[in-house]
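The values are calculated or read from the model by the stated rules, or taken from the named source; none is laboratory data. This is a predicted model, so every value here is computed, not measured. All Cβ positions, glycine included, derive from the backbone under ideal geometry; neighbour counts span all protein chains shown.
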Amino acid sequence: MTVSRRSLLAGAIGTAAIGGGRAHAARPLGIRRGVNLWPWFSLTREHPAPRTDYDWPPFQLDRPVPTRADLALLRRAGLDFVRLPVDPGPFLAAAPAVRASLLDQVMAAVALAQGEGLAVIVNLHANGATHYWTPSRLFGTLDAPAFPAYRDLVVELASRLGRSDPERTGFEPVNEPLQACGSAEWGETQKRLLAAARLAAPGLTLLATGACGSMIAGLDPLRVRELSLYEPLLFTFHFYEPYLFSHQGARWMSEPVYRALNAVPWPAARGSLDATLAAVRARMAALGAPAQGSGAAAYRETERVLKEYFDAQPDRPFIDGYLRRVRAWAEREGVQPGRILMGEFGALRSGGGTVASAPDDRARYVRDVRLGAEALGFPWAFWNLFDSMGMMDDVSRRLDPAMIAALGLRMPD
């Protein structure tokens, strides 16, 4: 579906004037505990530059995809919803017939999850690692070259989702906006996308977020009154603090400290700076990092940030302090806690004692974040079902008992 700029602006006015009553009367989606289903519609087979399209099928064939049995298992464990990240690139690059087929696949996935008793939030999840359909190209500015095409995809997907059960369906038009915290440009960009989605689906629950990667600092400048035209709304943020713990060993992080970082304890008092630095040195040697030049500089930076970590001694109160900032925002803006979704949280799984966190530390961290969110009344979605941050083994499809316990769920029979 192609929608002109003029018709969208007119539609936004119409929503306020004549459609607003229906939107305001609708209640937003009610959710409590969920999990992200990346990479069901992610991990693509993008053709190299200068091409801007994808192979067919566009998603990697060996990526883990949840089955009906997996989804039923999640429901029996005590989850009531899933968040479904969708890479917009293959949809934007495709010819109309192929795009329609891909949208059919997304809707079939939504129906499959809902058939097992799970509500579904579909999230357009642009991938910064691609070479063309990147977040900056799609929505980095109001003049981003692919913003009109992205907005049209938002309209088309919202229209389809709007025909699903409104009590079990939500739509999040953007994942982790890249604009700076408090960015006025992100505020306007989000309004245009929400207006487009609301025009296409008057009763569909939409999700709004703050700038700077949906971090708490980005949520704080968000003014709910400015978004009231687009109700029913949920609001979302992501939580991975402190990153030195949750992302230790993450090779995709741009900062040099993360690649060799490991054996960072949670809480900090359960370990020591000397022990962690020894593990980092061993990991750097195993990776073949040079003792001079960039390797030495990376170690010095790692030593510096780890000293800060152990000096600060982060623990459960550290997490609670962050989350109370969200609660303060909610009270200021008049938003009920149940309408604020912690849409991502988690930590990298242990890699055999040399990479990432030890299993017990990871479980303690996940438990502390989950309990902190629940104490303040926030629903949550764990990152992730699969991969190195997952709660289910990609091959055996067995749930991780430690993660199930940390998330307050039950191991299904």
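Per-structure values
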quantity: Within the stretch 69-98, tally of residues that are assigned to a helix (DSSP H, G or I) and in contact (Cβ under 8 Å) with a residue 24 or more places away in the chain; calculated: 15
quantity: Breaking point among (1) surrounded by fewer than 20 Cβ atoms within 10 Å (Cβ to Cβ); (2) more than 20 Å from the chain's Cα centre (by Cα); (3) not in a loop (DSSP other than H, G, I, E, B); (4) not basic (Lys, Arg), for ALA195; calculated: (1)
quantity: Hits in the stretch 227-279 (condition: in contact with an Asp or Glu (Cβ under 8 Å, 6 or more places away or on another chain), without any contact (Cβ under 8 Å) to a residue 60 or more places away in the chain, assigned to a helix (DSSP H, G or I) and buried (at least 21 other Cβ atoms within 10 Å of the Cβ)); calculated: ALA268
quantity: Qualifying residue in the stretch 314-321 (condition: over 22 Å from GLY390 (Cα atoms), in contact with a Leu (Cβ under 6 Å, 6 or more places away or on another chain), outside any loop (DSSP other than H, G, I, E, B) and at pLDDT 95 or above); calculated: no
quantity: Among the candidates GLU167, GLU172, GLU241, residue that is of a type outside the set (A, V, I, L, M) and within 30 Å of ALA279 (Cα to Cα); calculated: GLU241
quantity: Residue in the stretch 25-36 that is surrounded by fewer than 21 Cβ atoms within 10 Å (Cβ to Cβ) and at pLDDT below 85 present; calculated: yes
quantity: Pairs with Cβ under 9 Å, 6+ apart, first in the stretch 191-207 and closer than 11 Å to VAL155 by Cβ, second of a type in the set (Lys, Arg) and not in a helix (DSSP H, G or I); calculated: ALA201/ARG163
quantity: Subset of the stretch 118-157 (residues that are part of a helix (DSSP H, G or I), aliphatic (A, V, I, L, M) and farther than 22 Å from PHE235 by Cα); calculated: ALA149
quantity: Some residue of the stretch 112-128 being at pLDDT below 95, aliphatic (A, V, I, L, M), under 26 Å from MET253 (Cα atoms) and under 20 Å from the mean Cα position of the chain (by Cα); calculated: no
quantity: Some residue of the stretch 337-352 being modelled with pLDDT of 95 or more, among the β-branched types (Val, Ile, Thr) and under 30 Å from ALA373 (Cβ atoms); calculated: yes
quantity: Residue check, GLU333 within 22 Å of the chain's Cα centre (by Cα), surrounded by 14 or more Cβ atoms within 10 Å (Cβ to Cβ) and closer than 30 Å to ALA208 by Cβ; calculated: no
quantity: Options PRO39, PRO28: the member that is under 19 Å from HIS131 (Cβ atoms), within 23 Å of the chain's Cα centre (by Cα) and part of a loop (DSSP other than H, G, I, E, B); calculated: PRO39
quantity: Filter result for ARG63 (surrounded by fewer than 22 Cβ atoms within 10 Å (Cβ to Cβ) and more than 19 Å from the chain's Cα centre (by Cα)); calculated: no
